[in-house]
Amino acid sequence: IPSMGKEESKALFISMDTSVDHRIQEAEIFSDITMAILRNRMSQTVGHPLEGSYNCLPRPPFRSDPKQLKAIEILKVVFDEVVIAHAKPIPTVVQPPKPREEPAAGGGMFASMFGGARKTKKPAAQKPKASELPPPKPNAPKGAYLYGGCGCGKTVLLDLFFRSLPEGFTARRLHWHEFIRDAFRSMQGQPPGENIFAAMADMLAKQFRVLLLDELLITHISEAILVKNLFRHMWARGMTIITTSNYRPEELYAKGFNRDQFVDFIPDLTGQCPVIDLGGETDYRKVDLSENSEIFWHPINPDTTASFNQTFENMVGKDVTKDFQLPIPMEKRHISVPAYGTDTRGAKVARFTFNDLCVKNMGRADYSVIAENYHTLFIEGVPKFKPDLGAEFRRFISLTDILYGKKVALHLQSEVHTEQLF
């Protein structure tokens, strides 16, 4: 195939591995998707790994988009710069000098002269005001902030960048929920008395030089403080961050508690991660999705339940494991999986009810484990969300975000059409 290198071959492998079992089976080699990719790719000559990987996307379902092509041109520059920087040692942190401490306002000699006639209680001595240590200076190639609504191709471009990196390049690709989960766990293991964010960044810099972070979304002040401080220390250690988000940088943590502690970080974020606007009218996830496709069922009634059950059975057959206890790594608890089986490709397919996943007190760590263990999920009994279902709504959003980020195929039975759930 013209000018196909190792990085592009890796991207082709991932596109072919539809069962996500890290092996290419005979059915996948000769699938319609693989043949379509090869026909498209053989007609083109490309000059950059990102271009090649983009052309290795199966079409359909993917379609070329002008904004995506423009973003590829910007990301090619980022790609080349991080590859050059990766060959160099981790840079030394440049810490600006600490500002001089300002003495507390006091009366001094003149106050005693002009106010000495009044005999008042002597005020307690005040300590000088402690000034905060300024953040370290960025010392890394600039990354990117891929902004846009659902289905515009942000995650696809993030994954293409990750797949296209040369062999031996140290990079980490995480969904936002995984990043926050792992970061808070890491904070608990740091020794007291140290700059916890500097210590974490030191550890991470030894593991990878590029972080690819999908779906940046800040919902709590603790997350805002962590992102602000950890990102600054990562940049100071030569680490590049490429992230995606449904929100512009200035919209992050909008109206959040104590947001003023985060606002000063936004210029730093846009400076190190320039915004690439992918926003548009088209949600490519919905293109070519037939109303009659066996993916979404509504309303909840005996007919849709029977069709839902039959589709699950057609996919996994009669060999179904019930009430399986799925362990959660690093935690002494399990997730109860009502039923799961394997499809013809050997990929795991699990089945849950809405109550199993969103009424019970489950969180991002649980959803990440499910997404990492199952290729396809069937969820039945999703209601139309009302104001009194606030907790369930938040869990459902977290669940679907993680499933989408992990490319888990979702089959859903709901009370109303998916566009009317919220």
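Couple of notes before you dig in:
- For the pair Asp202 and Val93 in one chain, pulling the backbone fully straight at 0.36 nm per residue adds 38.2 nm over the alpha carbon distance.
- Simple spin-label estimate for Leu217 and Gln261 gives 2.3 nm between the two label positions (7 Å along the Cα-to-Cβ direction from each Cα).
- Taking a ≥ b ≥ c as the square roots of the eigenvalues of the Cα gyration tensor, an a/c ratio of 1.5 or more together with a/b no larger than b/c marks the stretch 296-387 as oblate.
- Annotation: extensible slack from Ile74 through Gln25 equals 14.1 nm (criterion: 0.36 nm per residue apart, minus Cα-Cα distance).
- Residues of the stretch 202-241 with amide N under 16 Å of the 7 Å Cα→Cβ point at Phe169: 208-213, 239-241
- Estimated distance in nm for a label pair at Val275 and Thr311, the labels positioned 7 Å out from Cα along Cα-to-Cβ: 3.7 nm
- Other-chain or far-sequence residues with amide H under 5 Å of Arg237's (modelled H): Asn139
- In this structure, the residue pairs whose Cα-Cα separation is over 32 Å, taken from Lys88/Lys348; Lys70/Lys406; Lys154/Lys348; Lys154/Lys318; Lys255/Lys386, are Lys88/Lys348; Lys154/Lys318.
Read the figures in this text as sums done on the coordinates, not as results from a lab. In this text the structure is predicted, and so the values were computed from the model without any measurement. Cβ atoms come from the backbone with ideal geometry, glycine included; neighbour counts cover every protein chain shown.
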